[in-house]
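Contents: one structure, followed by commentary.
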Amino acid sequence: DTAVSQTPKYLVTQMGNDKSIKCEQNLGHDTMYWYKQDSKKFLKIMFSYNNKELIINETVPNRFSPKSPDKAHLNLHINSLELGDSAVYFCASSSLVGEQFFGPGTRLTVL
Amino acid sequence: GESVGLHLPTLSVQEGDNSIINCAYSNSASDYFIWYKQESGKGPQFIIDIRSNMDKRQGQRVTVLLNKTVKHLSLQIAATQPGDSAVYFCAENISGGSNYKLTFGKGTLLTVNP
């Protein structure tokens, strides 16, 4: 009965690798998001999709590519991982305007 | 502990006391505001929201106050409990603009001492 779920919860990988994080929501929301939270807890939006269309791209390097196969899923693929990509990544979803519901986060560590 | 190295604003209170967490927002056009609570190892969780046509809104043990003149938002927690220990974020949104974008403040770490 989890509203917003992400997999994996932890991801440890070497520099230069390519990895994906998956997100699913069962709330029937039209809009989904990816956020990055750094070591100082600063939470910054990366992408937003509405009905599978990209509507926000916050100057994220093009090594990051979101993909939305349907409006319940928004996956994040990262190419050529760098040390600075280490962070906690949160997926969220919402209806048109209003509170966003967050997933449990994926802690990415790049070695 | 978790606070080492974070450099977050911190607030330490005794159990049973009231807590007030403050937030200065940046955009005078913002018209919707949300407070989130983030416990260790979890995602942010909605607490309460307020629209700009209000200056106060109350929930269960929480009250949000909005002062648009000075672009200030506060969260008051009554009778603070150990389970309230978390990082609290305010977030602002402009409806009608980029409708789906929340801008988060930097967070305040609340520690409740039993």
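The values are calculated or read from the model by the stated rules, or taken from the named source; none is laboratory data. A quick note: this is a predicted structure, and the numbers were derived from the prediction, not measured. Neighbour counts run over all protein chains shown; Cβ positions are idealised from the backbone, glycine included.
Where in region B:65-114 are there strands (runs of 3 or more DSSP E), lying wholly inside it, with at least 1 residues that are away from every other protein chain (no Cβ under 14 Å)? Can you show your working first?
Numbers: elements: B:72-77, B:86-93, B:108-113.
Passing ranges, in order: B:72-77, B:108-113.
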Go over the candidates A:T31, A:T7 one by one and state the one that is at pLDDT below 95 and farther than 20 Å from B:S40 by Cβ. A:T31
Count of region A:29-42 residues which are touching a strand residue (DSSP E or B) at 6+ places or on another chain (Cβ under 9 Å) and at the interface with chain B (Cβ under 7 Å from one of its Cβ atoms): 3
Restricted to region A:59-86, and to residues that are without any contact (Cβ under 8 Å) to a residue 60 or more places away in the chain and among the charged types (D, E, K, R), which residue is surrounded by the fewest Cβ atoms within 10 Å (Cβ to Cβ)? A:D70
Name every residue in region B:27-53 that is surrounded by fewer than 18 Cβ atoms within 10 Å (Cβ to Cβ), part of a loop (DSSP other than H, G, I, E, B) and without any contact (Cβ under 8 Å) to a residue 40 or more places away in the chain, in order of residue number. B:G41, B:K42, B:S52, B:N53
Failed condition for B:A24, given (1) closer than 30 Å to A:T7 by Cα; (2) surrounded by fewer than 18 Cβ atoms within 10 Å (Cβ to Cβ): (1)
Say whether the condition of being loosely packed, with under 14 Cβ neighbours inside 10 Å and of a type in the set (K, R) is met by at least one residue in region B:66-79. no
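Can you tell me which residue among A:G98, A:G84 is of a type outside the set (K, R) and more than 14 Å from chain B (Cβ to nearest Cβ)?
Details: A:G98 fails: more than 14 Å from chain B (Cβ to nearest Cβ).
Within the list A:G98, A:G84, the selection yields A:G84.
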So which of A:I45, A:I55 ends up being within 11 Å of chain B (Cβ to nearest Cβ), surrounded by fewer than 16 Cβ atoms within 10 Å (Cβ to Cβ) and assigned to a strand (DSSP E or B)? A:I55
